[in-house]
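A short write-up of the structure that comes next.
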Amino acid sequence: MSTSSHPEEKYLTRRVLSMQESQTMRISNLAGKMKAEGKDVVSLSAGEPDFPTPDHVNQAGIDAIKSGFTRYTANSGISELKKAIIEKFRRDNGLEFQENQIIVSNGGKQTLANTFLALCEEGDEVIVPAPFWVSFPEMVRLAGGTPVIVHTTIESEYKITPLQLEKAITPKTKIVVLNSPSNPTGAVYNEAEVRALMQVLEGREIFVLSDEMYDMIVYGGIRPFSPARIPAMKDWVIVSNGVSKTYAMTGWRIGYLAGPKWLIDACDKIQSQTTSNPNAIAQKAAVAALIGDQRIVEERRLEFEKRRDYMYAALNSIPGFRTALPQGAFYIFPDISGVLGQTFNGVVMQDSADVAEYLLKEHFVATVPGDAFGAPNNLRLSYAASIASLEEAVNRIRRAFK
């Protein structure tokens, strides 16, 4: 009996075969391997704060273990945590939800995946503005939907316009993804911009999945505005958030979703048959994060802002690099069109993947190619690193493209 040299093509589903590996994880893993080999790698690829989880949050986790809070919880999360999330939404976002409108999951990724699985049928279209977070189109494909990519430019500060949104809508449109503050660009939609986009959707049976994971990491006095605050859109907006970025809790894996009760019930059903409840200990830690002293959030935001200002000025001083000023999150997304097509140290820079590989292998700086975010002329750099590390990285990048 003959066997195929590529059995995955025979046995794996079309959905899985259509998905791409996460480029951010691939680059981070490669950088980690090089570090383990003794290479002096400066990594600007990971999407997580370099600060530790706050002490009082760690202590809440320790207390949970010591008290024996280590068993199954309610599938959608404990009531104590849901109450803390409700208070967070009221305090920080001006939003009102009930407990039965909230589900807690194993990280923000699961909240988003649950939503796509609950809403998308084969043939349904999901509008995803580019540059996009790498997992959005892949999750849509896994759910059976079709991602419709709408490209933005540095001139528009990487924000989609109402006209672009209007043109992208078809009878098959089911969901519009809005990610503000944005990973990878740091773009933030202000209230007027959000209202203008939602005006396009009013009266249409189209959902908005609003990923607000970086809502507390914003700069220049800007405040992100949730589309869930618009009364006419109340039944059509689903809000995703979590404790990972704001409280440096990426490894604790706690995300949460808020929206119409019927949709939350559907996500609860999906979660009950896949992972069941989120980590019990992490839930107690998340309660402490959300209801505890919030001054540390502001202290760290100010530090991120200093790093942003440095990276913006430094990268724009490198010939061939052009950068918009990020208004939130902790990423900067330079356009590197000016170095593409050129040869450096015998290496031709044909695309952003070539640039990222060249920087990592020849100059030991880990970045993520823009191809992964739907922007082949860009690189994503995380400034969740010390100023000293950022200065070293920039110096190496400047030398690389001399």
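The values are calculated or read from the model by the stated rules, or taken from the named source; none is laboratory data. From a predicted model like this one, the values you see are computed outputs, not experimental measurements. A quick note on method: Cβ atoms are made from the backbone with ideal geometry, for glycine too, and the neighbour counts reach across all protein chains shown. Note: accessible area is taken over every heavy atom of the protein model, side chains too, but ligands, DNA and RNA are not part of it. Shrake-Rupley method; radii C 1.70, N 1.55, O 1.52, S 1.80 Å.
Taking the condition over 30 Å from Glu303 (Cβ atoms) and in contact with a strand residue (DSSP E or B) (Cβ under 6 Å, 6 or more places away or on another chain), does Ile238 pass? The answer is yes for Ile238. One residue stands out in segment 57-88 among those that are open to solvent by 80 Å² or more (accessible area, probe 1.4 Å) and not hydrophobic (A, V, I, L, M, F, W, C): the one that is nearest to the chain's Cα centre (by Cα), namely Lys83.
Annotation note: of Leu290, Leu263, Leu302, the sole residue that is surrounded by fewer than 18 Cβ atoms within 10 Å (Cβ to Cβ) and among the hydrophobic types (A, V, I, L, M, F, W, C) is Leu302. Residue pairs whose Cβ atoms lie under 6 Å apart, separated by 6 or more positions or on different chains, with the first residue in segment 200-226 and surrounded by fewer than 18 Cβ atoms within 10 Å (Cβ to Cβ) and the second outside any loop (DSSP other than H, G, I, E, B), are Glu202/Ala232.
The rows are residues; the columns are (1) among the β-branched types (Val, Ile, Thr); (2) within 19 Å of Ile103 (Cα to Cα).
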| residue | (1), (2) |
| --- | --- |
| Gln199 | no, no |
| Lys261 | no, yes |
| Ile264 | yes, yes |
| Gln271 | no, yes |
| Gln283 | no, yes |
| Ala289 | no, yes |
| Glu299 | no, no |
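The condition of being at positive phi, under 17 Å from the mean Cα position of the chain (by Cα) and not hydrophobic (A, V, I, L, M, F, W, C) holds for only one of Tyr214, Tyr158, that being Tyr158.
Quick one: which residue in Glu357, Glu391 is open to solvent by 10 Å² or more (accessible area, probe 1.4 Å), in a helix (DSSP H, G or I), modelled with pLDDT of 95 or more and within 15 Å of Val41 (Cα to Cα)?
Values: Glu357 fails: modelled with pLDDT of 95 or more.
Glu391 is the lone residue from the list that is open to solvent by 10 Å² or more (accessible area, probe 1.4 Å), in a helix (DSSP H, G or I), modelled with pLDDT of 95 or more and within 15 Å of Val41 (Cα to Cα).
Taken together, Ala366, Ala329, Ala289 contain a single residue that is among the aliphatic types (A, V, I, L, M), in contact with a strand residue (DSSP E or B) (Cβ under 7 Å, 6 or more places away or on another chain) and either under 30 Å from Ile254 (Cβ atoms) or at pLDDT below 95 (or both), which is Ala366. Looking across Thr153, Thr115, one residue alone is hydroxyl-bearing (Ser, Thr, Tyr) and closer than 22 Å to Lys269 by Cα. It is Thr115.
Which residues, counting only those in segment 86-100, are under 19 Å from Asp235 (Cα atoms) and either of a type outside the set (Gly, Ala, Ser) or out of contact with any helix residue (DSSP H, G or I) (no Cβ under 6 Å at 6 or more places or on another chain) (or both)? Within segment 86-100, Ile86, Phe89, Arg90, Asn93, Leu95, Glu96, Phe97, Gln98, Glu99, Asn100 meet the criteria. Checking each residue in segment 188-199 for being more than 29 Å from Glu303 (Cβ to Cβ) and open to solvent by less than 10 Å² (accessible area, probe 1.4 Å) picks out Leu197, Met198. Being at pLDDT 95 or above, crowded, with 17+ Cβ neighbours inside 10 Å, among the aromatic types (Phe, Trp, Tyr) and assigned to a loop (DSSP other than H, G, I, E, B) is a property that holds for Tyr247. Looking at segment 4-77, the helices (runs of 4 or more DSSP H) lying wholly inside it that each contain 2 or more residues that are at pLDDT below 85 sit at 7-11, 14-17, 23-36.
Checking Gly123 against (1) closer than 30 Å to Ala248 by Cβ; (2) modelled with pLDDT under 95; (3) in contact with a Lys or Arg (Cβ under 7 Å, 6 or more places away or on another chain); (4) of a type outside the set (Phe, Trp, Tyr), which test does it fail? The single condition Gly123 does not satisfy is (1).
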